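S.K.: First the structure, which I've put down as structure tokens, then a few questions once you've had a look.
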Amino acid sequence: MPNVPRNLRLDEALALPGCPVCVIVLQRVEQTMESIQDELVLDPVFREQVDAAWGFCNVHAQQWLDEAQPLSTAIIYEAVLGRISHELEQESRARIGGHVLARISGNRSKECTILVESRPCPLCVARDEQERQVIAHLLEELAAAPFRERFAESDGLCVAHLNLSLCARPRPEALEALRSGFLRRHENLRGQLREVIRKHDYRYRDEIAGPEWGAIEQSVRQVAGAPGIATRRSRAAFGE
């Protein structure tokens, strides 16, 4: 994450482009990845967690490949491949005994779960925990008027983190800051997107492109969050 201070504070994140929760959480996921490489690759407790998760989910596995040391990857995935091979052998022996065939034939309408990981991706777990912490901090800070003013000038929250914030049942002043800022930014983005659409009309194609073209990526990030953020959230994220 270039040009971003390490151990970014919430007030610093407000001054950066994009959802401040996304920015902080993704930085902390990167730091967790560094800790795994430096401290946890040979830790027995972590090894059991990452082995049972079959390493990392697709999103975090790609990030791991881009940033991790080859030795760390080799150590983790040698064990993961061994675990999957062991589970395949167990399933093969069960199939010979007819157990797997019975499971398949009796559950055709359900998701197949013959070879699946038994634990969630460790980096997803770290990301979700950091989201809860950062959002709790954000809602506390929104109780103060000066912070609400800075928040109003920022790019605000993506939909996923707005949803998590609402599920945390914010105080009225925090709720209003979230609501008003969100609607105002969305109306601005929609106006810019309508301008992009208008300029695609053959009658206006000769007009010079303006800042509205930046709204295309901004609107996608606003709805989907930054790469690496899971957008499907519910009240279960806060233990309700």
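The values are calculated or read from the model by the stated rules, or taken from the named source; none is laboratory data. Everything quoted here is computed from the prediction, not taken from an experiment. Don't worry about glycine lacking a Cβ; one is built from the backbone with ideal geometry, like all the others, and counts go over all protein chains shown.
S.K.: Just give me the residues in region 32-52 being in contact (Cβ under 8 Å) with a residue 12 or more places away in the chain and either of a type in the set (Gly, Ala, Ser) or part of a helix (DSSP H, G or I) (or both), in sequence order.
M.R.: If the condition is that a residue be in contact (Cβ under 8 Å) with a residue 12 or more places away in the chain and either of a type in the set (Gly, Ala, Ser) or part of a helix (DSSP H, G or I) (or both), then THR32, MET33, ILE36, GLN37, PHE46, ARG47, GLN49, VAL50, ASP51, ALA52 are the ones that fit.
S.K.: Of all residues in region 145-164 being surrounded by 13 or more Cβ atoms within 10 Å (Cβ to Cβ) and without any contact (Cβ under 8 Å) to a residue 60 or more places away in the chain, which is farthest from SER219 (Cα to Cα)?
M.R.: Looking at residues that are surrounded by 13 or more Cβ atoms within 10 Å (Cβ to Cβ) and without any contact (Cβ under 8 Å) to a residue 60 or more places away in the chain, I get ARG148.
S.K.: Still on this model: Please determine, by comparing only the residues of region 197-212 that are within 30 Å of ASN163 (Cα to Cα) and either loosely packed, with under 13 Cβ neighbours inside 10 Å or over 28 Å from the mean Cα position of the chain (by Cα) (or both), which one is modelled with the lowest pLDDT.
M.R.: PRO211
S.K.: Of the conditions (1) surrounded by fewer than 18 Cβ atoms within 10 Å (Cβ to Cβ); (2) in a helix (DSSP H, G or I), VAL134 clears all except one; give me its number.
M.R.: (1)
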